Amino acid sequence: MPFLPRLATAASCSVRPGGGWKRPASRNAVRILIAEAETQQYIADRTDAFRAHPGFERLASLEEAVFHYQQDATDNELDEFPGTTSLDEL
């Protein structure tokens with residue numbers, strides 16, 4: 001069985017005597033499954049986009065063109081590469 005992070009703590013939920021951790025554990029399992037499904041959907045979408053647009057070699061260019069992704073001012077990925085104005089130059 002794979003390791004699943006523990007999201008619930010005694011401080012974050014009330015556990016009644018005899019009630020145990022069943023309900024919080026079930027909610028955590030649902031959250032984990034939803035997050036995993038979202039990750040898998042992201043991967044599938046990008047893979048399909050690469051297949052539909054074989055001219056793209058980099059994910060950044062593909063996301064800008066196909067998914068209209070705009071880099072946020074808080075994204076500091078290029079700060080590590082002085083003189084670089086585009087992810088495609090890397």
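None of the figures in this text is laboratory data; all of them are computed from the coordinates on show. The model shown is predicted, which means the values in this text are computed figures rather than measured ones. Here Cβ is always computed from backbone atoms with ideal geometry, including for glycine, and neighbour counts include all displayed protein chains.
Here are the numbers for this structure:
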{"item": "Spacing of the two label points (7 Å from each Cα toward its C-beta) at His68 and Arg23, in nm", "result": "4.2 nm"}
{"item": "Global form of region 31-75, assessed from the alpha-carbon gyration tensor, a/c cut-off 1.5", "result": "oblate"}
{"item": "Extension gain from Ile34 to Arg46, taking 0.36 nm per residue of separation minus the Cα-Cα distance", "result": "2.5 nm"}
